[in-house]
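Shown next, in structure tokens, is the structure this report addresses.
The values are calculated or read from the model by the stated rules, or taken from the named source; none is laboratory data. What you see is a predicted model; the values in this text were computed from it and never measured. Quick reminder, even Gly has a Cβ in these numbers, built from the backbone with ideal geometry, and neighbours come from all protein chains shown. Areas reflect the complete protein model, heavy atoms only, side chains present, ligands, DNA and RNA absent. Shrake-Rupley method; radii C 1.70, N 1.55, O 1.52, S 1.80 Å.
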Amino acid sequence: GRGNAGQLKVTGGLGWGRLGSHGTIATIGDRPTFTAGDTGGELSYDQWFRGPVAPFAGVEWQVDDRWGLKLEYSSDAYVLETETSDVFERKSSVNVGVEYQATPRTRLGAYYLYGSEFGLSAQFQLNPKYPPRLLSTGPAPQAVAQRPDRASAPEAWGTQWATAEAAPLGVRDRLAAVLTAEGLTLESLDLSADRAELRFRNLRYQSNAIALGRAARAMAQVLPASVETFRLVPVWQGMGLSATVMRRSDLEALEFDPLAADAMLAVTAITDSPTQAAQTATAPPGTYPAFSWFLAPYFSPAYFDPDRPLRMDVGLDLGASYKPAPGWVVAGTLRQRLAGNVAGGRTSDSNLPVVRTDQVLYAQFDTTINNLYVAKYWRPGADLYARATTGYFEYGYGGVSGELLWKPVDSLLALGVEANYAVKRDFDQQFGFQDYSILTGHASAYMDFENGFLAQVDVGRYLAGDVGATFGLDRVFNNGWSVGGFFTMTSASAEEFGEGSFDKGVRFSIPVNWFLGKPSQQSIGTTIRPIQRDGGARVFVPGRLHGPVRAAHRKALRDSWPRFWE
């Protein structure tokens with residue numbers, strides 16, 4: 001890549017298996033062969049460093065910032081490609097190539113391989129640190145409004161306004177208008193002569209630190225001068241997630257400090273929020289009921305079919321959400337497939353109850369109800385969050401689900417429990433159900449590490465009735481990217497599970513604002529499994545608690561706090 005002009009890389013080694021099939025110099029022990037009846041997914045340690053061994057080598061020279069040359073000696077005889085089948089002809093062990101860095105994110109290559117084949121490549125490179133567009137939080141934030149000097153304008157600091165019946169309501173409505181322009185919604189305002197508690201919804205920003213900074217500046221712009229203490233409570237599904245407490249005088253003094261972010265964090269407290277708003281808090285008229293809708297494309301992939309490794313359905317989702325009161329959600333999504341080939345995939349050969357390997361049968365229908373449900377969210381006590389959901393959760397299952405999460409604001413550890421009565425939906429994904437139901441559930445532990453890693457362990461019962469645990473580890477970046485993997489071991493044996501032996505995969509998520517350069521809370525991503533089987537399968541319930549709760553707690557706020565001033 002750029003900046004490596006004149007760099008020379010040399011590689012070499014000894015190979016077994018395929019890399020020992022040409023130019024063999026010795027044979028070490030007997031190497032067992034892989035048979036088609038094996039399920040895979042297990043370490044073949046009995047093959048390690050066994051059988052014929054051969055040397056291989058390569059050299060790469062970066063001529064300048066754009067051009068690179070490659071030369072390789074391959075010890076792979078390509079028996080499957082040249083003898084078992086006729087993919088190409090192998091005439092030489094030497095492969096050569098040239099690559100050109102056309103742009104910082106595009107690299108082109110040309111190759112001469114096996115002494116018989118030419119190849120071309122185009123690499124499109126993404127780096128989470130360098131978005132394709134300059135990230136923006138939208139309109140520039142307002143500067144912190146400075147209060148008049150108290151000694152020269154004492155009348156401006158008076159508190160008589162607090163006793164006037166209409167004054168606090170007028171302040172609330174003016175603040176609501178300013179917040180709306182910033183992509184925030186005022187849920188309630190509890191106002192007294194010297195303090196204010198603002199509960200608000202963040203509708204625009206991927207980082208809650210940005211939302212807190214914008215909300216604090218809106219308060220400084222609108223609230224009377226006597227109000228010194230700001231208490232900001234981000235709200236999700238009617239629940240207060242945390243309380244960020246700051247002094248207005250610190251906000252005024254530190255905006256242009258050389259170390260403004262660190263200095264502001266040092267004098268800011270992040271604590272648990274009260275489970276309910278104060279009785280004196282008021283909400284603007286029309287806050288509830290709330291209605292929203294969306295129309296967006298969807299992509300539904302299916303991986304590693306032997307006949308076609310990648311299958312994909314694409315179409316449109318039309319979704320709506322109705323919130324009649326704080327904590328209540330009625331939502332649904334109508335899905336229209338426009339094109340795809342998932343319906344042509346292979347059918348199930350499972351030894352377990354068929355709970356996921358019948359995706360092909362669900363893919364036969366173009367217009368479906370992807371989900372339709374009612375959910376209730378509430379705070380049963382300090383550090384506790386709860387959810388109850390009923391309806392059609394996803395394409396395959398509906399039923400009843402309940403979840404309880406324990407997560408102190410300043411704790412790196414969270415504990416949760418979830419129970420689901422899941423009923424299998426009809427293949428046409430309308431309103432009917434099939435004759436399969438099961439009680440599933442998991443106890444979960446989540447651990448945030450200071451180096452950006454998030455670990456999760458779920459122990460419980462899965463959709464096919466198997467019992468076991470799922471272990472996951474993700475690297476979560478401050479810009480919203482995450483990448484990780486997981487594996488599941490259950491009471492289902494490798495033979496019962498089938499191909500792959502146990503469930504495993506990798507997953508990633510990329511914030512939409514990274515591509516667009518505009519503020520958005522949406523992310524795109526997927527989970528890639530070597531193969532989807534029925535063992536270790538879980539029901540997908542919308543609106544699970546841990547992600548949104550974690551994002552508003554001390555660790556996540558501290559990591560993204562430099563964005564407070566954006």
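Observations, loosely collected:
- Criterion (in contact with a strand residue (DSSP E or B) (Cβ under 8 Å, 6 or more places away or on another chain) and buried (at least 16 other Cβ atoms within 10 Å of the Cβ)) met by exactly one of G525, G500, G505: G505
- Criterion: of a type outside the set (F, W, Y), over 24 Å from L318 (Cβ atoms) and surrounded by 16 or more Cβ atoms within 10 Å (Cβ to Cβ) - qualifying residue of I438, I369: I438
- Within the stretch 334-355, residues that are within 19 Å of F304 (Cβ to Cβ) sit with their Cβ atoms under 6 Å from residues that are modelled with pLDDT of 95 or more and open to solvent by 50 Å² or more (accessible area, probe 1.4 Å), at 6+ positions apart or across chains, in these pairs: A343/Q364; S348/V354.
- Filter result (surrounded by fewer than 16 Cβ atoms within 10 Å (Cβ to Cβ) and β-branched (V, I, T)) within the stretch 42-81: V59, V63, V79
- From the list R147, R174, R105, the lone residue that is open to solvent by 60 Å² or more (accessible area, probe 1.4 Å) and under 26 Å from R563 (Cα atoms) is R174.
- Matching residues, the stretch 83-99, being more than 30 Å from R66 (Cα to Cα), under 44 Å from the mean Cα position of the chain (by Cα) and either modelled with pLDDT of 95 or more or not in a loop (DSSP other than H, G, I, E, B) (or both): T84
- When residues of the stretch 200-255 are limited to those that are among the charged types (D, E, K, R), surrounded by fewer than 23 Cβ atoms within 10 Å (Cβ to Cβ) and touching a Lys or Arg at 6+ places or on another chain (Cβ under 8 Å), the one nearest to R379 (Cα to Cα): R231
- Filter pass, R425 being within 26 Å of R337 (Cα to Cα), at pLDDT 95 or above and of a type outside the set (D, E): yes
- Candidate set: the stretch 441-453, residues that are without any contact (Cβ under 8 Å) to a residue 60 or more places away in the chain and either of a type in the set (A, V, I, L, M, F, W, C) or part of a strand (DSSP E or B) (or both); chosen: the one surrounded by the most Cβ atoms within 10 Å (Cβ to Cβ): G441
- Output for the stretch 177-192, where each listed residue is outside any helix (DSSP H, G or I) and either open to solvent by 30 Å² or more (accessible area, probe 1.4 Å) or of a type in the set (K, R) (or both): T185, L191, S192
- Listed conditions (1) at pLDDT 95 or above; (2) part of a strand (DSSP E or B); (3) not hydrophobic (A, V, I, L, M, F, W, C) are all met by P297, apart from (1).
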